[in-house]
Amino acid sequence: MFRINEEAARCLLCADGACTEACIRSCDPARAVRAVRFENTAAAGEFIDKAVCHECSGECENACIHYDHPIRIRELVMKLPDAKKIEDTPDLSIDFCGVHCENPFFLSSSIVAGDYDMCARALEMGWGGVVFKTVGFLIPEEVSPRFDAIGKEGTPFIGFKNLEQISDHSLGYNLEVFRRLKKNYPNKILVVSIMGQNNAEWVKLARLVTEAGADIIECNFSCPHMSGDGLGSDVGQNPELVKRYTELVSSATNVPVLAKMTPNIGNIELPAIAAAEGGASGIAAINTIKSILGIDTDTLVSYPSISGKCAVSGYSGKAVKPIALRFISDLAHCERLSEMELSGIGGIETWHDALEFILLGCKNIQITTAVMQYGYRIIEDLISGTKHYMSSHGIKCISQLVGAAVNNIIPADELDRRTIIYPAFDRKKCIGCGRCFISCSDGGHQAIEIKGGKAVLHASKCVGCHLCMLVCPVNAISDRNKRIPKR
């Protein structure tokens, strides 16, 4: 069974696709495959011509440098939906904390937004703005190596750990970068992340970055691995300090102030409320999660190994998205934060990920780890994918989507517990592998058996948990049955 998303996932996402360079018919197979990879299948057909691909002799596949076997480009593109032109181009512009943004997609405060040339290149590619890497009077001394990743079942990068601290450039150097960015990109949004070590530093930083052209100031109350005490998440876990520093920054600037929250806390609303009381215009969440990536069982050292040692540090990547969405939902449901605007961060790779944060109340999206993996070019599919979604759903302005799903997240004790949906089994698709049988037998309610080489459900034992559907490798089990009252 050929699935275009699985085939696209094999693509190496080369910097300059040899497949496209080899195409003699002016198609862009590399771009089409990348669109599928980033859940933008609706737009993938824009980069190829099925008619010529059907007659193609396979120059693109012959040029593919995949280490295993070439991507089956021709088979993939023939399964793409026909390209559809967006008639009424949806409006991605949005006002965030009183600042007009051409789109909600920003680089988040990190290495991906740490110098002029980097930010300039991203802005020219279409990003709506950047949150510059946190600046302060402190110039940190970094470790090497400082990155590592964790994977699962052939996917090498689902979670990412880093020990990176704030900007290692001098404050004077960074201030000049801000001036250049605002001079050369006046219609793009510059958010400057700051971190002070005491009252005076927070005030002075706010004044300096405001004078240098910041459109918004973000207070970093959340970095989980600063090498000094009283910095980052040490502040973010203390509502009193959050309120005090927010008040100081707000009083020292005339631009909006964002408070960036730490997820290393049970109740994120408490410091967020403190920030609101201190004068913040918005809340950014989440920063990275304190983590230990694993232990090398041969050396007994954690990852990354720095001269045989390691430390607790920040975890990010696709794996943290569910946690980030939970915190965003908590903030969106808090009545005392009803006037706060939200910037969503955490595990965002595709337009679909970004849209989930928007639907839970975010007017702004920040991304780092996906850029580190795939580059600034992901903005193309963020924008295109969002526009195709909006067009297909009759949405003219992205602000119409903000918070649309908030009311569908409710307390567990309010969920409907009176009904059940039995899984539906497609015998034509079922290959009789028994994965559903094993999971139901060992982790469920023993409601499945294999008969005649096919899975059979015993409804009298089934509780409708849908574990079987989640483990089926060929999508032969669905939730298409009707919801009915429990017996």
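The values are calculated or read from the model by the stated rules, or taken from the named source; none is laboratory data. In this text, all values refer to a predicted model and were calculated from it rather than measured experimentally. Methodologically, a virtual Cβ is constructed for each residue, glycine included, from the backbone with ideal geometry; neighbour enumeration extends over all protein chains shown. Remember, those area values only see protein heavy atoms, side chains included, never the ligands or the DNA or RNA. Shrake-Rupley method; radii C 1.70, N 1.55, O 1.52, S 1.80 Å.
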Exercise. In debye, nearest 20, what is the charge dipole magnitude of the chain about its Cα centre with +1 on Lys and Arg Cβ and -1 on Asp and Glu Cβ, if you could check?
Key: 1660
Self-check item: Percent accessible area from carbon and sulfur atoms, the stretch 378-480, protein chains only, probe 1.4 Å
Solution: 53
Quiz item: Carbon-plus-sulfur fraction of the accessible area of the stretch 69-118, 1.4 Å probe, in percent?
Solution: 48
Practice problem: Could you tell me which label, among (1) 22; (2) 30; (3) 34, carries the value of percent of Cα pairs over 38 Å apart calculated for this structure? | Solution: (3)
Exercise. State which entries of 84/133; 387/429; 428/461 exceed 30 angstrom in Cα-Cα distance in the structure shown.
Key: 84/133; 387/429
Quiz prompt | For the stretch 1-125, accessible area per residue (1.4 Å probe, heavy atoms of protein chains only), Å² | solution = 50
Exercise. Would you please put 377-383, 228-234 in order of how densely packed they are, using the mean number of other Cβ atoms within 10 angstrom per residue and starting with the highest?
Key: 377-383, 228-234
Self-check item: Relative frequency of Cα-Cα separations exceeding 14 Å in the stretch 437-482, percent
Solution: 47
Quiz item: With the dipole of the chain worked out from charges on the C-beta (+1 for Lys and Arg, -1 for Asp and Glu) around the Cα centre, which of 143, 245, 446 lies farthest toward the positive end?
Solution: 446
Quiz item: Over the stretch 166-296, what percent of the accessible surface lies on carbon and sulfur atoms, probe 1.4 Å?
Solution: 46
Self-check item: Cα-derived Rg over Rh, computed across the stretch 335-480 with Rh taken as Kirkwood radius
Solution: 1.10
Quiz item: For the stretch 1-127, what is the per residue volume of the convex hull drawn over the alpha-carbon atoms, in cubic angstrom?
Solution: 157
Exercise. Hey, can you find the accessible area per residue of the stretch 337-398 for me, probe 1.4 Å, expressed in square angstrom?
Key: 30
Exercise. Keeping all protein chains in place, calculate the accessible area per residue for the stretch 233-290 (probe 1.4 angstrom), answer in Å².
Key: 32
Quiz item: How do 173, 389 rank by accessible surface area computed with a 1.4 Å probe, from largest to smallest?
Solution: 173, 389
Quiz item: What shape does the stretch 184-341 have by the C-alpha gyration tensor, where a ≥ b ≥ c are the square roots of the eigenvalues, rounded means a/c under 1.5, and otherwise prolate means a/b greater than b/c and oblate the rest?
Solution: prolate
